[in-house]
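Written out below as structure tokens is the structure these notes cover.
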Amino acid sequence: MHNTQSGTLSGTLFGQWTLHRAAIAGLFLALSLPVQADDAPADDFRQCVTGLRDHAIEAGVSEETARGVLAEVEHLDRVIELDRRQPEFTTTFADYLNRRVNEDRISNGRALLKEHGELLERVTEATGVPAPYLVAFWGLETNFGAYFGKMPVPSSLATLACDKRRSTFFTEQLTAALRIIDEGAIAPEQMEGSWAGAMGHVQFMPTVFLKHAVDGDGDGKRDLWNSLPDAMMSAGHFLRDLGWDGDYRWGREVLLPEDFDYAMADGRRLDLKQWNELGVTDAFGNALAGEPIKAALVVPSGHRGPAFLAYRNFNVIMGWNRSEFYAIAVGHLADRIAGAGELQNPPPEDQPNLSRNNILTLQQTLNDKGFESGKPDGIMGPATRSAIRDYQADNQRIADGYPSQDILNELTVNLDD
Ligand code: CA
């Protein structure tokens, strides 16, 4: 799913709670419509839907579509349940990557790259996005079209629009979904997707669909469910619209020298030449080529794991899904599909999945010991990483700011919370 409005959520690396992407949109919560209480009776839902209908018609959706589709929507308790779900533990980078980039997915991706070579080449010509990336997005979003989600999108979106948490965002998504039905892209009863309304081969949210989807097979319809040419061409157009730079890759794995200052991995963007001067090499120990581009260093599992230089397209991928883990997974899967081997430094698999309580305790303990981590909030952010680095430096450790098991044990965090 694609939430282009997530630009204000800083991509906290270690603190990546497994938020569903739609949850991020909750930060933009605002109320513009009368909404009902969580367990309000059915007639309150109908009343809310009447408001949504009027809103959609005012926004330009045809009366026929607005009335016809919204007369059929139902309140889906399951959607509210999924929306309220709070992950208890953070996901480590190793867990995240290994689940998404594995041998099956790589070999399927390679086969599909060949099978759809002609189509993908056409998309690359039109958008500048190389074929392996298109296949990688397809693989991460729906396992190459294997699973689109089975929820009825109009009902899911109406349910979320009538819920108080993110009414404005989902009202906008519902209106966009009605426009998509209005243009004849798909019959309303066939408009299925994730519980939050992400649809088709590449899981576009309705607003992304409206703005970026294109008709790739020339039949006059934008059908991201049943037409792979439409889906791939739309993915390419979305990435191009987000600023994809066809001249460069997403980034690359790199090696860091001994005694590297991990404070450099704070999002700052330096020329490759500058990284070179700091002793950073490619994954095989060779000097970085003098490409005139800026890159940021990303170290998702601490000093024992891989390091990456993230080029401009890394940020483009994060415009699709604002998660550094996701961006690395897309880039690495694309590399693998294109024929590259495994990471030189695979992420260690023995790192703890921190709970919010663990992080809270860690922050409190760091503060108590004089390592300022800010107001404890249970989320790994720059201040917490910086406090861990200071603590590590004071204790003759590699100061990578990563909350390893050792650090947790030392700082008396109870992992059984
Ligand atoms: Ca089409």
Note the angle between two axes, namely the Cα long axis of helix 103-115 and the longest principal axis of the Cα atoms of the chain, as a number of degrees from 0 to 90, rounded to the nearest 10. 60 degrees
Holding the Cα-Cα limit at 32 Å, pick out from K150/K211; K150/K221; K114/K273 the pairs that are longer than that. K114/K273
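Order these peptides, 54-65, 300-311, 150-161, by their mean beta-carbon neighbour count within 10 angstrom, highest first.
Details: 54-65: 15.7, 300-311: 22.3, 150-161: 24.3.
Highest-to-lowest ranking by the protection proxy: 150-161, 300-311, 54-65.
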Would you mind checking the tilt of helix 63-72 against the longest principal axis of the Cα atoms of the chain, expressed as 0 to 90 degrees and rounded to 10? 70 degrees
Once amide H atoms are placed 1.01 Å from N in the peptide plane, what residues at a sequence separation of 5 or more from G251, or on another chain, have their amide H within under 5 Å of its amide H? Y311
With a Cα-only, solvent-free Debye model of the chain, what are the log10 I(q)/I(0) values at q = 0.07, 0.08, 0.13 Å⁻¹? -0.37, -0.49, -1.15
Express the relative contact order of the chain as a whole percentage, based on alpha carbon pairs under 8 Å and six or more residues apart in sequence. 19 percent
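What net charge do the residues around I337 carry, taking every other residue with its C-beta under 14 Å from that of I337, with Lys and Arg at +1 and Asp and Glu at -1? Display every interim value, and only then the final one.
Working: positive: R100, R105, R110, K114, R249, R336; negative: E103, D104, E115, D335, E342.
In short, +1.
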Lys and Arg at +1, Asp and Glu at -1: neighbours of D230 with Cβ under 9 Å from its Cβ sum to -2
Per Stokes-Einstein, at 4 °C and 1.567 mPa s, what whole-number D in µm² s⁻¹ belongs to the range 354-410, with the Kirkwood radius over Cα pairs as the hydrodynamic radius? 120 µm²/s
List the relative contact order of the range 276-417 as a percent without decimals, with contacts defined as Cα pairs under 8 Å and 6+ residues apart. 18 percent
If one computes the Cα centroid of the range 153-219 and of the range 265-326, what distance in Å separates the two points? 35 Å
Where does the charge balance sit around T207 when Lys and Arg score +1, Asp and Glu -1, over other residues with C-beta under 11 Å from its C-beta? +1
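Roughly how many Å² is the accessible area per residue of the chain, as a whole number, for a 1.4 Å probe?
On the way: 18090 Å² over 417 residues.
Averaged over the residues of the chain, the accessible area is 43 Å².
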Be a star and scan the range 176-190 for residues whose amide nitrogen sits under 20 Å from the point 7 Å along the Cα-to-Cβ vector of R78. 188-190
Rounded percent of accessible protein surface that carbon and sulfur make up, the range 354-410, 1.4 Å probe: 45 percent
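The values are calculated or read from the model by the stated rules, or taken from the named source; none is laboratory data. As the structure is a computational prediction, the values presented were derived from the model and not from experiment. FYI the Cβ positions are ideal-geometry reconstructions off the backbone, even for glycines, and counts take in every protein chain you see. Calculation scope for accessible area: heavy atoms of the full protein, side chains included, ligands and nucleic acids excluded. Shrake-Rupley method; radii C 1.70, N 1.55, O 1.52, S 1.80 Å.
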